[in-house]
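J.: Below: one structure in structure tokens.
The values are calculated or read from the model by the stated rules, or taken from the named source; none is laboratory data. What you are looking at is a predicted structure, and each value in this text was computed from that prediction instead of being measured. Here Cβ is always computed from backbone atoms with ideal geometry, including for glycine, and neighbour counts include all displayed protein chains. Protein only, heavy atoms only, side chains kept; ligands, DNA and RNA dropped before computing areas. Shrake-Rupley method; radii C 1.70, N 1.55, O 1.52, S 1.80 Å.
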Amino acid sequence: MLTALCLHGGKSGWVVLGVVLALCGLATRPLTRWALRTRTFPAPEAALPVG
């Protein structure tokens, strides 16, 4: 797809690629916040007695 956009799409292909990359960059923060908010953490394991 990258080859088709850049080589065969000409200038408009490069613009489309730039827009796609910009949108992905803008989506990074909200997606990261969502992932951290909905993440489930495993229950802590019980400590084993030492000795």
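J.: Which percent of the accessible area of the chain is formed by carbon and sulfur heavy atoms (probe 1.4 angstrom)?
T.: Reported share for carbon and sulfur atoms: 71 percent.
J.: Using only the alpha-carbon atoms, how far is helix 10-38 inclined from the longest principal axis of the chain? Give it as 0 to 90 degrees, nearest 10.
T.: 20
J.: Over all directions, what mean area does the Cα convex hull of the chain project, stated in square nanometres?
T.: Taking a quarter of the hull surface, the average projection is 6.8 nm².
J.: I want to check the label-to-label distance for residue 11 and residue 47. Put each point 7 Å from Cα in the C-beta direction and report it in nm to one decimal.
T.: Between residue 11 and residue 47, the label points sit 6.9 nm apart.
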